[in-house]
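All remarks here apply to the structure that follows.
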Amino acid sequence: MATGFAWGIDVGNRALKAIRLVRDGEGLRIDDFEVIEHEHVLSQAGDNRESLIQQALANFAQRHNIKGGGVAIGVSGQTSFARFIKLPPVEPRKIPEIVRFEAIQQIPFPLEEVEWSYQLFQQPDSPEVEVGIFAMRKELVNHTIKSFTDVGLDVQVVQTNPLAVYNAMYHDERIKGTTMIIDLGAENTDLIIAEGESIWMRSIPIGGNHFTEALLKAFKLKFAKAEELKRNAATSKYGRQILQAMRPVFSDLVGEIQRSIGFYSSTHRDSRITKVLALGGTFRLPGLQKYLQQNLQLEVTRIDRLAASTPAEARFAGMFNENILSAVSAYGLALQAMGEGKITSSLLPERIRREKMWREKTKWFATAAALFVAAAGVGVGSWYANDMAANSAVARDNHEKVVATTAKAERLNRVWSAIESSGLDERMRIGNLLALVAGRDVTAALVQDLASSVPPDKLTPAQLKATARNKRQVLEHWGWTTRYEPDITRFLAPTMTEDQFNLEAEKGSSSGSTYNPGFSPAGAPGVPGYPMRPMSGRPMPNMNMPMPQMPTAPVATPGGGPTQRGLIVTMQVRTPYADASGLVTETVVKYLRERNQDSKNPPENYSIVRVTIPSAVKLAMSNKVPPPHVKKAPLVFQVPSAAGGAAGGAAGRPQFPAGTPNPYRNGLFPPHGVNGQQGGYDPNFRPNLPNVGPNGVALPNNPNDPNQAVDPLADPNVPGESMKNDYLVTVLVAVVLDPPPKQVVANNP
């Protein structure tokens, strides 16, 4: 909305930054600027966090003129939700309806619990329309706004900081071609990739505080001292030691940015990032800009000026130039409040919008009412006298009708209550019977999706050997486990980072049951337990993934909100390819993430809502051995007794003919079997190699001899090669059961 002047306010982890914009002819001018540092970093303040924010806002309101202008405030990208999707070709008038349907599908909370808005993006020469859907929990929005309104600030726009940064760079015409913006904040780093009229965003849980914590650990300092040391690194005589201590964080940051670029490139194959814009106070660190430029092989430009003219007063200009890297978000917020933002969506609650509209119209209503009263005053007296004469009789008649109608309503309500409570036991039994078959088709469909996510390998061993092992882009399923979650909503919260999701998903839940179908410990074709083979030709794990029954009544969460059933799937994929995570991201992860968007064959009874890769380790370091469908399961050796039966040893172990290697001595079998039986395959047992005969003499390697130990890491598909340097990549998948029904869009090709 356009006003005479507007403030953009960004309350960051270390300081409050505010910019006031005013009209200056046809352009804009930065009329005022403020930075108020907190007494303590908010992330280290604990219970004092809210009081520090209130103190900063109160100081700001006292120092500056806040009456008569609009205020736009920023919220962290970590506390909000953003999703960008392409819309099917529909008539413009149907777009709001389609967007609402997509919002219901994409936002991991009921719409009545969030404030949400959307923005349409469309290239001038393209019929495709992309929509950005943004949301935030209502309680978080209201709590944030209250902090500002308590000090008299008139909040008119609530925007996420990444979108505010995009507004600033778009207004200043900094976006040329495909441009990546890196906003390195205190707690996290926002990545915005902009190309034409479309954007892509991701938040990385690495920020300036991580550099400070690295110094804290290296030099045994308190946080405040470590922060001061980091800020003065450019002029310190210990600059080299300071940078060396922070080098691991530099490396982690570059790695996450490279992963993000790889994912963006895999989903936007025709795009090539040409330059990088760097902003955020942490970029004052010496060497960080150069380090990123060398490792990303891209031009990295640090923002040192804004298009709006700077304050004329020297004291404002000096402070502004010193803090310009951290003030871009506040600048973008002020631009939107002045009606100059490319993105106009806002998370301001609808209730507040209506109140503002009503206040604007109230003065016109008052004027109209005064004119009406003056014109009608002459006839009001005579009308009032005539009405009083008939009023008493009419009132008595109406009262009798109200009493009779109320008595009838109460009687009908009692009758309905009796009908509603009847048959309760029978309906509960019916519900339980229906629950026995509910969801039976989920397992088969989900298993098919997991299996289909790995592309089939159709190369022969000779064709595989023609390529260096670490360059073979081949994948193989090594199984998966599933865990039922009665309430999966905590895994879907937009505030949960990828690292937090990986940690929570891998450590399990006390409220859910863990199912580990694994692989059959032994078996052969035609024998129960033998791994099935999907259409791709790859072995599949057993289909013994239990399906949880439908609850007969809603389960309440500790907070009292609605629950959402779901599954956490932990899948493992083996590959010899050097960039294992990148390959799995471009194939398995991409397939699963796009599964819900499959317009021809969407899943009807579940929804894959989150896919991550928490780890990729070499097999030699993973303590894992191949499942039975990869490695031939050892046989149980028994020799016939004189009576024709199987003779056992003193401890119940089978006896072996003279000259036959004892597999227990060779380390082929563990001293115990599977499920308490002797012999068999133990997935946690590592055979001792090489194979040694009964007299300690090494035996020749004969893989066809069942009495010899087999190298568990020998590649069964390529004879003579080992899998020890292959990677085992873990993929975590969050699956929501009972998603909202899919909506069929008319004329959707």
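Since every read-out is calculated from the coordinates, none of them should be taken as a lab result. Predicted, not measured: the structure shown is a model, and the values here were computed from it. Positions of Cβ are backbone-derived with ideal geometry, glycine not excepted, and every protein chain shown enters the neighbour counts.
Measuring against 32 Å, Cα to Cα, the residue pairs Lys17/Lys94; Lys94/Lys590; Lys590/Lys724; Lys237/Lys290 contain Lys17/Lys94 as the ones spanning a longer distance. Here Lys217 is the anchor, and the aspartates and glutamates within straight C-alpha reach of less than 20 Å, apart from those fewer than 8 places off in the same chain, are Glu187, Glu227, Glu228, Asp252.
With no solvent and one point per C-alpha, what does the Debye sum give as log10 I(q)/I(0) for the stretch 173-320 at q = 0.15, 0.18, 0.20 Å⁻¹? Normalising to I(0) and taking log10 leaves -0.84, -1.09, -1.23. Counting only aspartates and glutamates at least 8 places from Lys458 when in the same chain, those with an alpha carbon closer than 17 Å to its own are Glu476, Asp715. Once the Cβ-Cβ distance between Arg240 and Ser43 is put in as r, and R0 is 25 Å, what FRET efficiency do you end up with, to the nearest 0.05? Taking R0 as 25 Å, the efficiency between Arg240 and Ser43 is 0.35. Between Leu111 and Ser722, the distance separating the two model label sites (each 7 Å from Cα on the Cα→Cβ line) works out to 5.9 nm.
Taking N as the residue count of the stretch 56-144, its C-alpha radius of gyration divided by 2.2 N^0.38 Å amounts to 1.43. Considering all different alpha carbon pairs of the stretch 232-317, the Kirkwood hydrodynamic radius works out to 15.4 Å. Couplings for the stretch 460-465, taken from phi via the Karplus curve 6.51 cos²θ - 1.76 cosθ + 1.60 with θ = phi - 60°, read 7, x, 5, 5, 5, 5 Hz in order; Gly and Pro are left as x.
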